[in-house]
Amino acid sequence: MNYQKELDKLIGRLGKEERVPSLLLHSCCAPCSSYVLEYLSNYFKITVFYYNPNIYPESEYTKRILEQQTLLSQMKTCHPVTFMAGNYDSDRFYEMAKGLEHVAEGGERCSKCYELRLREAAEVARKCGFDYFATTLSISPLKNAVKLNEIGMRLAKEYGVDYLLSDFKKKNGYKRSIELSKKYGLYRQDYCGCEFSVPEK
Ligand code: SF4
């Protein structure tokens with residue numbers, strides 16, 4: 001499936017219907033969200049949902065969430081963007097990662113990590129009555145867009161909330177996120193987030 005084409009089709013339909021739906025956008029970090037917000041805020045009323053209990057250590061979590069809030073306070077967007085923080089329940093992450101600590105990045109632990117975060121987004125989206133939920137994760141060349149969209153579609157059925165198919169690295173999305181990170185002076189971390197992805201010094 002061409003996820004970008006599917007998203008283009010949906011955006012086309014929304015334009016014809018003159019509809020601006022609400023979207024709960026799970027964000028992994030400020031740099032990845034920058035392009036996604038610039039792009040999608042033209043078509044959706046977005047709430048950025050920061051739920052990343054995978055991040056280690058806690059000081060890094062605090063740094064990344066503050067960076068996210070700073071970006072939102074600076075960005076000019078077509079439709080207003082609001083912010084919602086999830087819990088930093090790192091115990092849930094470690095429970096999920098049990099036995100997978102030494103699996104290479106991109107493997108089973110990462111798939112489960114995507115699901116942990118997307119499931120929370122789907123649950124909150126249903127509870128709060130959002131029209132769609134989505135994640136910024138597919139912008140990264142290191143993240144598996146097929147896996148992410150498979151999980152998103154499965155959770156959409158389970159929770160009864162539409163999932164926004166995406167591959168945000170298309171249309172030069174990743175490149176644009178680097179440009180926007182420079183423009184806003186964003187901190188770009190050098191590891192994915194969890195303890196097992198911290199580079200050895
Ligand atoms: S490497 Fe990244 S995606 Fe994989 S488990 Fe760690 S934080 Fe999650």
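Please treat every number below as a calculation from the coordinates, not as lab data. Remember, predicted model here, so these are calculated numbers, not experimental data. Note that each Cβ is placed from the backbone with ideal geometry, even for glycine, and that neighbours are counted across all protein chains shown.
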Within segment 145-155, count every residue that is touching a Phe, Trp or Tyr at 6+ places or on another chain (Cβ under 8 Å) and either over 18 Å from LYS171 (Cβ atoms) or surrounded by fewer than 17 Cβ atoms within 10 Å (Cβ to Cβ) (or both).
5
Looking at ALA85, ALA121, which one is closer than 23 Å to LEU186 by Cβ, within 16 Å of the ligand (Cβ to nearest atom) and small (Gly, Ala, Ser)?
ALA121
Show the residue pairs that are 6+ apart or on different chains and have beta-carbon atoms under 6 Å apart, the first residue being within segment 44-70 and in contact (Cβ under 8 Å) with a residue 60 or more places away in the chain and away from the ligand (no atom under 15 Å from the Cβ), the second being of a type outside the set (Asp, Glu) and in a strand (DSSP E or B).
PHE44/LEU23; THR47/LEU24; THR47/THR82; THR47/MET84; PHE49/LEU24; PHE49/HIS26; PHE49/MET84
Residue check, TYR132 against (1) hydroxyl-bearing (Ser, Thr, Tyr); (2) closer than 23 Å to SER90 by Cβ; (3) in contact with a Pro (Cβ under 9 Å, 6 or more places away or on another chain), all met but one. Which one?
(2)
Which ranges mark the helices (runs of 4 or more DSSP H) fully within segment 21-136 that have 3 or more residues being crowded, with 18+ Cβ neighbours inside 10 Å, out of contact with any Lys or Arg (no Cβ under 6 Å at 6 or more places or on another chain) and not aromatic (Phe, Trp, Tyr)?
30-40, 58-74, 108-128
Using beta carbons and a limit of 6 Å, which pairs, at least six apart or on different chains, have the first residue in segment 108-133 and under 12 Å from ILE151 (Cα atoms) and the second one near the ligand (Cβ under 8 Å from one of its atoms)?
CYS113/ASN54
